[in-house]
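Encoded as structure tokens, the structure appears first; notes follow it.
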Amino acid sequence: MKNLVFFLAVVQLFGSLSWADVFKYELIGYPKENRNCHSQTGTVAALFEQGAKVKVVHTECVRERQTGYDFSIEYEAPQKLEFTSTGDFLSAVYSPGRFKEKEDCLNHLAAQAELFVRATGLTPIFSYCRSQELSVGKNWEIVITARDKSQVKPELGGYLMFTKPQGISFEDISQGLKRTIEARGALFSDLVLHWDSVMGMGEASIHYFSSKRIEFSLERLAQVPSLNQCYEQAREAASILKGEQDSVFTIYCGGPYFNYYELQVGTVDKPTFTWQHSVDNFGSFDQCQAQREEVLSHYAGSPTTPLLGGFCSRDYQTNKYHVVVLKKR
């Protein structure tokens with residue numbers, strides 16, 4: 001009987017213990033404090049222990065970069081920890097870089113850390129600026145990392161640009177994105193324009209916090225011979241699409257593109273409207289304009305896809321002009 005009691009006591013004791021294992025965390029591009037990487041392992045370990053609330057058993061230098069070091073941190077825990085980080089973007093298209101100079105990155109670091117805390121509810125372990133050393137241009141990125149997974153997490157999206165915006169400020173585009181993103185319950189962080197991308201004229205990288213990804217696109221609705229003609233159509237587009245602001249974040253003219261200007265409309269997720277070329281075609285922009293209302297009258301009256309309006313646009317393949325017909329989706 002005594003042996004049975006002893007056995008049960010041992011089972012109860014060991015069953016109540018939480019056994020720890022050792023796991024690794026890779027810290028990439030942490031800023032150099034001096035030329036001796038090993039001298040920084042103690043600082044890195046202390047920050048990880050304090051922020052992750054685990055015991056660090058070993059930290060070592062893995063790689064030296066131009067502006068930082070990579071560290072391997074081994075820690076004890078009942079199971080491998082999960083993290084939320086702005087440094088985990090895996091986009092093959094959009095650049096996570098935000099700043100051309102390190103000083104600019106450092107000047108924005110505190111505000112971005114506050115935004116991270118507000119969005120995720122997590123306290124950062126690491127908060128620093130990291131250089132994408134193989135990139136050019138705006139290659140400094142903000143890395144903020146916290147223990148645990150947040151349902152609202154950092155996201156990176158964007159769209160490609162083949163013409164430069166005309167007659168609109170960067171701030172106007174940024175505020176349009178902020179409005180449409182935050183209308184979806186997300187939190188806007190940054191819009192960064194990168195020009196001379198290998199994939200085209202440029203790219204817009206959009207940083208935000210959300211529980212789900214948001215899709216962005218920049219569509220060419222019309223192509224016309226002059227900038228003034230484009231401006232006029234942009235004003236019309238703003239009036240026509242005023243009721244579609246839930247999916248439209250910007251309307252502007254871009255160019256010149258092979259001596260033509262393009263009416264650009266930026267949308268989020270699936271646009272609430274559709275567009276198509278009219279069957280009718282014309283030899284010039286002026287001819288198209290003269291017949292536009294008559295052409296649009298043939299596309300009006302559908303009870304399922306109400307007509308919103310339309311613009312005259314050159315078809316770059318045929319060099320003819322069509323009416324681009326906009327309808328409610």
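No lab work stands behind these numbers, since they all come straight from the coordinates. All of these numbers come straight from a predicted model, not from anything done at the bench. Reconstructed Cβ throughout: ideal geometry from the backbone, glycine too, with neighbour counts over all protein chains shown.
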Quote the charge dipole size of the chain about the Cα centre in Debye, to the nearest 20; the model charges only the Cβ of Lys and Arg (+1) and of Asp and Glu (-1).
660
Place +1 on the Cβ of every Lys and Arg and -1 on the Cβ of every Asp and Glu in the chain, take the dipole about the Cα centre, and give the residue among 313, 204, 77 whose Cα lies farthest towards its positive end.
77
Treating each Cα of region 159-285 as an identical point scatterer and ignoring solvent, apply the Debye formula and state log10 I(q)/I(0) at q = 0.15 Å⁻¹.
-0.72
In sequence order, calculated HN-Hα J values of region 74-79 (Karplus, 6.51, -1.76, 1.60; Hz; x Gly/Pro)
9, 9, 9, 6, x, 8
Whole percent per 10 Å bin, from 0 to the bin with the longest distance: what is P(r) over all C-alpha pairs of region 19-152?
12, 40, 37, 10, 1
The base-10 log of I(q)/I(0) that the Debye equation returns for the chain at q = 0.08 Å⁻¹, one scatterer per C-alpha, is -0.53
Using 7 Å Cα-to-Cβ label points, what is the residue 291/residue 33 separation (nm, one decimal)?
7.5
Report, in listed order, any pair from 32/138; 212/327; 102/212; 55/138; 24/153; 164/327 with a Cα-Cα distance greater than 25 Å.
212/327; 102/212; 55/138; 164/327
I'd like the orientation of helix 285-297 relative to the chain: the angle between its Cα long axis and the longest Cα principal axis, in ° from 0 to 90, rounded to 10.
80
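Where the only charges are on Cβ atoms (+1 Lys, Arg; -1 Asp, Glu), what is the dipole of region 21-81 about its Cα centre, to the nearest 20 debye?
Numbers: 8 positive and 9 negative charges, 30 e Å.
About 140 debye.
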Looking at 127, 243, 271, which one has the Cα that reaches farthest to the positive end of the dipole of the chain (charges on Cβ: Lys, Arg +1; Asp, Glu -1)?
127
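Work out, step by step, the length gained on full extension between residue 24 and residue 281: first 0.36 nm times the residue separation, then minus their alpha carbon distance; give nm to one decimal. Before the final figure, lay out each step's value.
Values: separation 257, 0.36 × 257 = 92.52 nm, distance 6.44 nm.
Separation in residues times 0.36 nm, less the Cα-Cα distance, equals 86.1 nm.
What percent does the relative contact order of the chain come to when contacts are Cα pairs within less than 8 Å and at least six residues apart? Could the numbers behind the result be given before it?
Details: 647 pairs, mean separation 39.4, N = 329.
Relative contact order here is 12 percent.
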Fewest-first ranking of 316, 321, 231, 94, using other Cβ atoms within 10 Å as the exposure measure
316, 231, 94, 321
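Would you mind working out the magnitude of the charge dipole of region 184-328 relative to its Cα centre, with +1 at each Lys and Arg C-beta and -1 at each Asp and Glu C-beta, to the nearest 20 Debye? Could the numbers behind the result be given before it?
Numbers: 12 positive and 16 negative charges, 69 e Å.
With only Lys, Arg, Asp and Glu charged at Cβ, the dipole is about 340 debye.
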